[in-house]
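J.: Got a structure for you, questions after.
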Amino acid sequence: MHHDEGFPVSRRGVIAGGVASATLAAAPSAQAQAQGSVQPAPPTMPVTLKVNGRATKINVDTRTTLLDALRENLKLTGTKKGCDHGQCGACTVIVEGRRINSCLTLAVMHEGEEITTIEGLGTPEKLHAMQAAFVKHDGYQCGYCTPGQICSAVATLGEIKAGIPSHVTGDIAAQPTVSTDELRERMSGNICRCGAYANIIDAIHDVAGTERTA
């Protein structure tokens, strides 16, 4: 291929020239690199987290989730990071008596609140009743989701006791019962990729003193 004025231009040359132009356009200038090398420090804020009965004051980036504060700042790694989008329930903890996904809330939002993680429910020497039931009924396999499952199960029985209805509660004005349907609905936000759901339901029934229904 030739230019109208006789300057030879090959197809390979056109492609090479286009790549070179794109590379130069994408490459930042030395001045831009110098300016970008100085990043402002992220905003931080002191917060006192009362976890498992112990208050600890930490200084965190205001964007830090409660999950990351527990794991990275307080070294309480029992609470697991699964999807990090509030969809799997592995990060479930109990805050002021209510279960929440700790990956969806900021640490600075929980100043002074009572937070219970799996480490605060029981110890290997003195298991919480729910922990012991999970062991008895083999309510876990790989164990990754288990801390969130147990925290959620404990809070589930608390919700039923407090009279809080669920989507499957027939009469929302009546006291909910610990039925298998209620437990399945209330625990549906906790995913077990190993499929130990039936054993988990058995463990919760055991703690509640109730029997599995169909």
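Please treat every number below as a calculation from the coordinates, not as lab data. Small disclaimer: the values here were computed from a predicted structure and weren't measured. With ideal geometry, Cβ positions are generated from the backbone for all residues, glycine too; neighbour counts draw on all protein chains shown.
J.: Checking the condition touching a Leu at 6+ places or on another chain (Cβ under 6 Å), over 16 Å from ARG99 (Cβ atoms) and either free of Cβ contacts under 8 Å to residues at least 12 places away in the same chain or hydrophobic (A, V, I, L, M, F, W, C) (or both), which residue from ILE201, ILE172 passes?
T.: Details: ILE172 fails: touching a Leu at 6+ places or on another chain (Cβ under 6 Å).
That would be ILE201, the only listed residue that is touching a Leu at 6+ places or on another chain (Cβ under 6 Å), over 16 Å from ARG99 (Cβ atoms) and either free of Cβ contacts under 8 Å to residues at least 12 places away in the same chain or hydrophobic (A, V, I, L, M, F, W, C) (or both).
J.: Would it be correct to say that ALA153 is farther than 17 Å from CYS88 by Cα, of a type in the set (A, V, I, L, M, F, W, C) and crowded, with 22+ Cβ neighbours inside 10 Å?
T.: Details: farther than 17 Å from CYS88 by Cα: no; of a type in the set (A, V, I, L, M, F, W, C): yes; crowded, with 22+ Cβ neighbours inside 10 Å: yes.
Judged against the criteria, ALA153 is not a match.
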